[in-house]
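Here, each number is a calculation from the coordinates, and none is a lab measurement. What you see is a predicted model, and the numbers here were worked out from it, not measured in a lab. Virtual Cβ from ideal backbone geometry, glycine too; neighbours counted across all protein chains shown.
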Amino acid sequence: MKESEQVSYKQLNPSPVLEDFIDSYWEHKNLKDTPNKLTIFPDSFFKVIVYLVDKKIVAFFLTGLWPKETEIIIPPQATVYGIKFKILAPEYIFQREITSLLNSHIELDLSFWDIENYNFDDFQTVVDQIENTIITKLAQYIEVEGKKLQLSQLLDLVQGDVTAEEVSNQIAWSNRQINRYLNKYLGVSLKTYLNIQKIYTSYIQIREGRFHPDKGYFDQAHFIKEVKKHTSQTPKELYKKQHDRFIQLKNIQKK
């Protein structure tokens, strides 16, 4: 089997009813007989992740936000499924804060979401089961509180290309109230969240070999400094290693 066939990555978008809560689902397969070492960069999402070997769950956990790069290892002959959640998910899906999981994770019991009884035959089947579970949990809510929904939709639209003051003005919600909400559920301020979004979006231009910022930074020196702060790499270093350890550069999709 060729090297390119030994590791695969697929991504699916959520159903329209869940697009305010979930960014995407992904499947990563390591069919090699050796571990696959990867570096994951800040992307403004927290996640539920499940590792399987021979279709049996070997790890199942919930992460918080990762404001800095994180090293992960995919075991040999393993399949990993993940869900990227948006800012409304802690309150409306998990009914808990994710602040305590900043830069960390907790193991989940296999009874959570009844995942021990899932059918893991293929990616779409897994996603269908996850969506059925989450939609059932959301059924108790008639609607999401207006300002929170506006905030989530605006942040998803602008992808960091906005100031905290502009966000506050556009949705008529004070910066103090927004920060209180984000700090309560995610553990970061609005400014920090926007910076993470902006860096994540910049991976697209870095992947294409463009190292001068398209927008959002004072100059190239500022851009390099911010990229290195979040990833410990310069834009050129990321570009050179994008097919090695940095899976996000290869697979990030344009909005």
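Using only Cα atoms, figure out Rg for the range 106-178 and give it as a multiple of 2.2 N^0.38 Å.
It is 1.58.
Just the Cα atoms of the range 100-147: what Rg and Dmax do they give in Å?
14.2, 40
Test of understanding: in a Gaussian network model of the chain with alpha carbons linked when under 10 Å, which of Ile49, Ile22, Ile93 would top the mean-square fluctuation ranking?
Ile93
By its C-alpha gyration tensor, with a ≥ b ≥ c as the square roots of the eigenvalues, how is the chain shaped: rounded for a/c under 1.5, else prolate for a/b larger than b/c, else oblate?
oblate
Lysine pairs in the range 23-150 with Cα distance under 18 Å, only those 8 or more apart or on different chains: how many are there?
18
I want the local charge near Phe211. Using Cβ-Cβ distances under 15 Å, sum +1 for each Lys or Arg and -1 for each Asp or Glu among the other residues.
Within the 15 Å Cβ shell, the charges total +3.
Report ³J(HN,Hα) in whole Hz for each residue of the range 195-208, in order, from the Karplus equation J = 6.51 cos²θ - 1.76 cosθ + 1.60 where θ = phi - 60°; Gly and Pro get x.
5, 5, 4, 5, 5, 4, 5, 5, 4, 5, 5, 5, 4, 8
Per residue of the range 172-180, what does 6.51 cos²θ - 1.76 cosθ + 1.60 with θ = phi - 60° give for ³J(HN,Hα)? Whole Hz please, x for Gly and Pro, Karplus curve as stated.
Karplus values, whole Hz, x for Gly and Pro: 6, 10, 5, 4, 4, 5, 5, 4, 4.
Run through every distinct alpha carbon pair of the range 146-251 and return the Kirkwood hydrodynamic radius in angstroms, one decimal place.
One over the average 1/r among Cα pairs gives 14.8 Å for the range 146-251.
Do the sum for the chain: with -39,500 (n - 2.57) for every DSSP H run of n ≥ 4, divided by all residues, what is the mean residue ellipticity at 222 nm, to the nearest 500 deg cm²/dmol?
Here the helix-only value at 222 nm equals -11000 deg cm²/dmol.
Between Thr125, Thr39, Thr70, find the one with the highest GNM mean-square fluctuation for the chain; connect C-alpha pairs within less than 10 Å.
So, out of Thr125, Thr39, Thr70, the one fluctuating most is Thr125.
When the dipole is taken about the Cα centre of the range 3-138, and only Lys, Arg (+1) and Asp, Glu (-1) are charged at their Cβ, what size is it in debye, to the nearest 20?
For this selection, approximately 240 debye.
Measuring from the lowest to the highest alpha carbon on each principal axis, how far does the range 3-138 reach, largest first, in angstroms?
Computed over the Cα atoms, the extents are 40, 33, 27 Å.
In debye, nearest 20, what is the charge dipole magnitude of the chain about its Cα centre with +1 on Lys and Arg Cβ and -1 on Asp and Glu Cβ, if you could check?
960
Given the range 8-75 reduced to its alpha-carbon atoms as identical point scatterers, what log10 I(q)/I(0) does the Debye formula return at q = 0.22, 0.25 Å⁻¹?
Here the Debye-derived log intensity ratios amount to -1.20, -1.38.
Run the numbers on the range 146-251 and let me know its relative contact order in percent, using alpha-carbon pairs under 8 Å that are six or more apart.
With pairs under 8 Å counted, the relative contact order is 22 percent.
Using θ = phi - 60° and the Karplus curve 6.51 cos²θ - 1.76 cosθ + 1.60, what whole-Hz ³J(HN,Hα) does each residue of the range 7-14 get, with Gly and Pro shown as x?
Ordered by residue, 3J(HN,Hα) equals 10, 9, 9, 10, 9, 10, 8, x Hz.
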